[in-house]
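Below is one structure, written out as C-alpha cells, with a few remarks after it.
The values are calculated or read from the model by the stated rules, or taken from the named source; none is laboratory data. This is a predicted model, so every value here is computed, not measured. Methodologically, a virtual Cβ is constructed for each residue, glycine included, from the backbone with ideal geometry; neighbour enumeration extends over all protein chains shown.
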Amino acid sequence: MPEIRRLTPSEISAISLEVREDYQAAAEEVRQLGLRLDEQSRAKGRAAAERLPAPPPVPRVRQVPR
Amino acid sequence: MNPQGGQQSAVVAGVVATATPPHSFFPQLFAALVISLIGFGLVIRYRERIVPLLGTRPRRMFWEVGVIGSLGALMAIMLEAVDWKSVLLGTKGVLDTVLLWAMAVDLGGIVTAQVLAVAHADFIESKKKDAEERWARERARWERDRVAAEAELDGVREQRDFAATVNEAFLRVVSRKRERLRTAGSEAPFVALKPEVQYQALVSACWEIVEKLVNESRQREAKHRVRVTYFRIVGNRLAVSHCWDGTAGDCFSRLIETDPLVRARFDLDSGETCLALAAAKTGTIYWVKDAASDAKKSTRPFVYFDEQTERDELKSIVALPIKVSGDGAPYDVITIDTDCEEYFHGDTSQADQLGIVIRNLAHRLQLEKAVEAAIRENRDA
C-alpha cells in the first residue's frame, strides 16, 4: 500500500460531510443556472415559434345537410 | 286527340314542331332534348340551392322511393295505355306524343336532379372529409415531432445539468484543498498537501453523485445502498485504497486481505481474476447488470468473494478503469456496486453519465498520486 496516512473513521466522516455539503450547494447552484438557461431557451423557442408560419387552417367547406 | 289540335298545342307550348311532318319522330326527340338540357342546366346552375331542399338523409330516401315509385307507376300506365308503336312511328297525335315525351323527360330530369344532387353532396362531403383527414394527419405528425423534440430537449437539459453538477462538485473538492493549503501556510511541510484527505474527498464526491443517480426516483421509499471503491496498483497487486458507502470508509470485504484465494484474485500475475483486476488489466469498463447471473458464468470475470453475505447486498456492479491520456495498463480502478437490481446496464445514457464522472475523477486522482509521489521523494531526500 502507498505510504500515506490511514484516515480515522471520524476523519472520513468529516471529509464526507464536507463533500456532501459542497455537493448539495453545487447541485442547487446548477439547478438555478439550469432554470435560468431553460427559461432563456424557452423564450427563444417562443420567439422562433412566433416567426414560424401558422399551421394549416381547418378546411372551410360548405356544409351540406344529409 | 286529332293531329291538328296537337300541332296547335305544341305551338302554344313553344315547341317548334309544326314545320315538320307529323309522322316524323325527330320533333319530339328535339323537344325532349331541349327540355332535358334546360332541366340539366337549371339543376347545375342552382344545385347549391336545390341540394339543401332535399333535406336530411332519411327525407331524401323517402323522396327517392317516392320518385322511383311514381316513375314505376307511370311506366306501368304508359305500357298499359299508350300505343308505343304509333308513338315511335309518329302516327300518333303530335300533342299526345310531345306531352308523353315531356312527361318522361321531366320525370327523368327529376331523377337526374336527385342523382346530381346526391353526387354533388357526396363529392362535397368526401372533399371535406379528405381535407379533414389530411389536416388530422398533418396535425398528428406535427404533434409527434413536437413531443419527440421536447423529450430530446429534456434529455439534453438533464445531461447538461448532470455534467455541470459533476464538474461543480469536483471543483468544490479542489477548492477545499486550496483552502487547506492556504491555512497551512507557505512554510508548511510537503505532507500538509494531504493527498489521503483528497483521495477520500474524491471517492466521497463520486459516491454523492452516483447515489443520487441510483436513488433519484426514490423520494419516500427506502434508498438503495451504493458503494464506491478505489483500487490502486501497488507493486504487482490491486489494493483497496479508499472506499465509501455513505456511512463507513472500511466497507470493503475483509476477505481481500485475509483469504488467500480471494487475495490471489487481486494479484496481477496469479492467473486468477476478479472484476476489478480484469478492468485494471484490460482498461475496459465491465458492466455487471445482474451479479447473480454473472457469477454463474465462467466466461465473466465477476465473482462473489463470499456469496452468502454478498448476494443480497451486491446486485449490480460496474468496474471503471482510471485512464488518463498517455497511461498504459495496468490501471487503477473504481468499482461501484449497489443492491438495486440490474442498475448498471451500461446503456448509452448511463455510460455517458459515468464517463463524465470518471473523467473528472481520473484527472484529480492522478494529480493526488503525483502529490503523493512528490511527498515521498521529498521525504526520501
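Scanning segment B:340-355 for residues that are crowded, with 18+ Cβ neighbours inside 10 Å and out of contact with any Leu (no Cβ under 7 Å at 6 or more places or on another chain) yields a total of 2. Restricting attention to segment B:178-201, the residues being assigned to a helix (DSSP H, G or I), without any contact (Cβ under 8 Å) to a residue 24 or more places away in the chain and away from chain A (no Cβ under 11 Å) number 6. Can you confirm whether B:Ser204 is at the interface with another protein chain (Cβ under 10 Å from one of its Cβ atoms), touching a strand residue (DSSP E or B) at 6+ places or on another chain (Cβ under 7 Å) and part of a strand (DSSP E or B)? No, not satisfied. Does B:Ser175 fit the bill of being within 14 Å of chain A (Cβ to nearest Cβ) and buried (at least 23 other Cβ atoms within 10 Å of the Cβ)? Spelling it out, it is not the case that B:Ser175 is within 14 Å of chain A (Cβ to nearest Cβ) and buried (at least 23 other Cβ atoms within 10 Å of the Cβ). Each residue in segment A:11-57 was checked for being closer than 30 Å to B:Trp207 by Cβ and either at pLDDT below 85 or more than 10 Å from every other protein chain (Cβ to nearest Cβ) (or both), and 2 pass.
Looking at B:Ile256, is it β-branched (Val, Ile, Thr) and either part of a helix (DSSP H, G or I) or more than 25 Å from A:Glu11 (Cα to Cα) (or both)?
Judged against the criteria, B:Ile256 is a match.
If a residue has to be more than 10 Å from every other protein chain (Cβ to nearest Cβ) and assigned to a strand (DSSP E or B) to count, how many in segment B:234-253 make the cut? Total meeting the criteria: 1. Only residues that are surrounded by 14 or more Cβ atoms within 10 Å (Cβ to Cβ) and either touching a Pro at 6+ places or on another chain (Cβ under 8 Å) or in contact (Cβ under 8 Å) with a residue 12 or more places away in the chain (or both) were counted across segment B:146-171, and they come to 8. Summed over segment B:266-304, the residues that are part of a loop (DSSP other than H, G, I, E, B) and closer than 26 Å to B:Asp327 by Cβ give a count of 14.
Residue by residue, here is whether (1) under 22 Å from B:Val173 (Cβ atoms); (2) within 41 Å of the chain's Cα centre (by Cα); (3) more than 14 Å from every other protein chain (Cβ to nearest Cβ) holds:
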residue	(1), (2), (3)
B:Ser316	no, yes, yes
B:Val324	yes, yes, yes
B:Tyr331	yes, yes, yes
B:Thr335	yes, yes, yes
B:Tyr343	no, yes, yes
B:Ser349	no, yes, yes
B:Leu361	yes, yes, no
B:Glu368	yes, no, no
B:Ala374	yes, no, no
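Does segment B:222-233 contain at least one residue that is touching a Phe, Trp or Tyr at 6+ places or on another chain (Cβ under 8 Å), buried (at least 22 other Cβ atoms within 10 Å of the Cβ) and more than 14 Å from chain A (Cβ to nearest Cβ)? No, there is no match, as no residue in segment B:222-233 is touching a Phe, Trp or Tyr at 6+ places or on another chain (Cβ under 8 Å), buried (at least 22 other Cβ atoms within 10 Å of the Cβ) and more than 14 Å from chain A (Cβ to nearest Cβ).
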